[in-house]
Amino acid sequence: MKSENLEITVEGSRLRIAGNRPDACRARKCSFLVMEINYGPFESELELPPGYDLSQAKAIYVNGFLRIDVPAARQPNAQATKVPIAEGN
């Protein structure tokens, strides 16, 4: 499979991986009783939990392996602040 046969899209907190694995690597007159490799279109969708920045996702495809890195979302200046305590009656 080649990287141009893959498509990765992001929508909200969902990461969608879709593609099409062509059946061009075997002889035409070959028939199998059992085949462990699937051919044709495929799609997988993942819902990521809060705390990840999908807009910064990066993907790399090497030797048949797809790796997608999604960094943790940056927290806006997580400084400690004192909370005033009121005296109660």
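Just so it is clear, none of the values below were taken in a lab; they were calculated from the coordinates. None of these values were measured; they are calculated from a predicted model. Ideal geometry is used to build each Cβ from the backbone, glycine not excepted, and the neighbour counts take in all protein chains shown.
Quick one: order D23, D69 by neighbouring beta-carbon count within 10 Å, fewest to most. Before the final figure, lay out each step's value.
On the way: D23 12, D69 9.
Fewest to most other Cβ atoms nearby, the residues stand as D69, D23.
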- Item | For R14, net neighbour charge (Lys/Arg +1, Asp/Glu -1) across residues whose Cβ lies under 9 Å away | -2
- Dipole-positive endmost among A57, M1, L33 within the range 1-58 (Cβ charges, Cα centre): L33
- Cβ-based exposure ranking for E36, E43, in which fewest neighbours within 10 Å come first: E36, E43
